1. Restricting attention to region 26-46, report how many residues are under 15 Å from G154 (Cβ atoms) and free of Cβ contacts under 8 Å to residues at least 40 places away in the same chain.
2. Are there any pairs with C-beta distances below 6 angstrom linking a residue in region 411-427 that is more than 15 Å from Q345 (Cβ to Cβ) to a residue that is modelled with pLDDT of 80 or more and not in a helix (DSSP H, G or I), with the two at least 6 apart or on different chains, and if so which?
3. Answer yes or no: is there a residue in region 76-97 that is outside any loop (DSSP other than H, G, I, E, B), at pLDDT 85 or above, in contact with a strand residue (DSSP E or B) (Cβ under 6 Å, 6 or more places away or on another chain) and polar (S, T, N, Q).
4. If we scan region 377-391, do we find a residue that is in the same structural domain as A421 (by TED's automatic domain parsing) and more than 24 Å from S438 (Cβ to Cβ)?
5. Of the conditions (1) touching a Leu at 6+ places or on another chain (Cβ under 9 Å); (2) not in a loop (DSSP other than H, G, I, E, B), V205 fails just one. Which one is it?
6. Take the residues of region 265-293 that are under 45 Å from the mean Cα position of the chain (by Cα) and of a type outside the set (S, T, Y): which is surrounded by the fewest Cβ atoms within 10 Å (Cβ to Cβ)?
7. Quick one: what pairs do we get from region 429-442, first residue without any contact (Cβ under 8 Å) to a residue 40 or more places away in the chain and on the phi > 0 side of the Ramachandran plot, second surrounded by 19 or more Cβ atoms within 10 Å (Cβ to Cβ) and among the aliphatic types (A, V, I, L, M), C-beta under 9 Å, 6+ apart or different chains?
8. Return the residue satisfying two criteria in turn: it lies in region 222-263 and is of a type in the set (S, T, Y) and at pLDDT below 80, and of such residues it is farthest from A421 (Cα to Cα).
Amino acid sequence: MFKLRSKFVLLFSVIIILSSIIMVSIINYSTRTGYKEFAHKNDITYSNRLVPYIKAYYEMNNSWEGIESIIQIPRGRMGDMMDGRGRAPTPPIMITDQHGKIVLNTLNIDIKRVSKEQLKLGVNINIENKVIGYIFSGSMLVEKLTLEEEYFLGRITNIIIIVTLFILIISIIISYLFSYKLTKPISKLSSASKKIGSGDYTTRVDVNGNDEISMLGVAFNNMAKSIEDSDSWRKQIIADSAHELRTPTTLIQGHLEMIIDGVYKPDKKHIESIYNETKVLTKLIQELQELSSAESGSMKLNIEKLDINKLIKNTSETFKAGDSQEVALKTEINKNIPLIDGDWQKLKQVVTNVLANAYRHTPIGGEIKISSHLKNREVSIIIEDNGCGIAKDELEKIFERFYRTDRSRNRNKGGSGLGLAISREIIRLHRGSIYAESEIDKGTKIVIKLPVT
């Protein structure tokens, strides 16, 4: 995780450094360009202010001879353009005639003649609308800064660089702190993942905030809880399976030992007893295999168009024909129920499991009702009894493996505890749902919902 933090700091530092270099370059370029534009405009202004005096000199002498004396014009004539000694102040100037011949040059530029293109850069000196010459001041002819100007701009550049370096250092420190804060929860997630990988499924991470990393922490905690629940469920399944298998195998072993020791004779009675226990054991193993197949999604369904009302009648008649006459079974059929896609045998198995549970928990003289309904493109099969009912905290648990609401019941009276678990998985494979509603001493209602396709 330290490497990730270093990568963040390095990335931020590179971005900041590149941004700083670009910023310094832009500011320096803008400053120099702006200063040159300012100096150029100032030179033009200065040249325009000199034109009247140069023009007056030319009109007075009718030639450019002695024009260099213009820089010695007394202060009273040149006004505020003269320094305290009566001399023309900087910047230096260049004056040419109308053809570009240089008549005065204090610009410190080694040039003998100004070209026609260069003359366009100067300020015209006109007499009666006739150009008699041109004047250039400072950087008008050649964009060249003086040493003083270069020194001034250099100081500005140095100040910009110093300020930028200060900002750069502060930014790198802030980026490090930000990277630390960003990677700290990721580091905790990594550490927690290693603990879960080593088998500590109780590990959780603290979640603060509602950003993406916090959402990742919430997802991690949910995953850890799911793994913990799955592990607990796996251990419980192993324990329950071992418990359920132990009883018939113990009985079989006991009977066989008695026969071997001569306590029991190997007659039909004792052999039938052993055989019955093997049937219980076989049924339990088959149900475990069926439940495992359904949960893994490998259970094969023989999907066909089927009539739910017909399935209800067929299953009900099976129970009515059996040894269940002590409990009344009523059916209510909705004739508008459409055909649905489903596996006849599997859905009949579900209804049979639910009815069998209802019979087990309904007292003699009680009543069970099975009905069909249609609502919102869903077909419902509702099985109700007026038995002992189920406590609210046990309603969801009745669909778990090996769960019995009455722990005192044995397998013969209470079933294996796998029927409703298998039923739930079969309904899930049909993209439906199954749930229970119940009140103590009033009865239980199981609702099976299947989609109409």
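1. 1
2. R424/I434
3. yes
4. For region 377-391, residues in the same structural domain as A421 (by TED's automatic domain parsing) and more than 24 Å from S438 (Cβ to Cβ): present.
5. Only one criterion is unmet by V205, namely (2).
6. Only one residue tops the list, namely Q289.
7. Every condition considered, the pairs that remain are R431/L450.
8. Taking the candidates together, the pick is T247.
The values are calculated or read from the model by the stated rules, or taken from the named source; none is laboratory data. Only a predicted model underlies this, so the values are computations on that prediction, with no experimental measurement involved. All Cβ positions, glycine included, derive from the backbone under ideal geometry; neighbour counts span all protein chains shown.
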